[in-house]
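J.: One structure coming up, written as structure tokens, with questions to follow.
Please treat every number below as a calculation from the coordinates, not as lab data. Predicted, not measured: the structure shown is a model, and the values here were computed from it.
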Amino acid sequence: SQSRYITANGTGDYTVNFTTALTDANYAVQATGYQLSTGGSVCVAMAQGAVYTASAVRVFTTNSSFTNTDMQNVCVNAFR
């Protein structure tokens, strides 16, 4: 499913809402991120502790100290 919109829940905390809901929440998520303003450092984007539903997944982005931080680029893939 493609993302219809992204909801910012707070610093480094996003909900990716699917255009078409899946049949259930049994899927895997891959999330990656890149922060250009810090000289191109790769930050951690994770679904660990994420909230999965059939219509959305909540992901978190952190810096190398595992502190929530907003990133300029985030890619989220859902696999069923």
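J.: At 0.36 nm per residue, and after removing the present C-alpha to C-alpha distance, how many nm does the segment from ALA54 to THR67 gain when stretched out fully?
T.: Separation in residues times 0.36 nm, less the Cα-Cα distance, equals 1.9 nm.
J.: Give me a comma-separated list of calculated 3J(HN,Hα) values for the stretch 20-30, in order, Karplus coefficients 6.51, -1.76, 1.60 applied at θ = phi - 60°, integers in Hz, x for any Gly or Pro.
T.: 10, 5, 6, 6, 7, 9, 8, 8, 10, 10, 10
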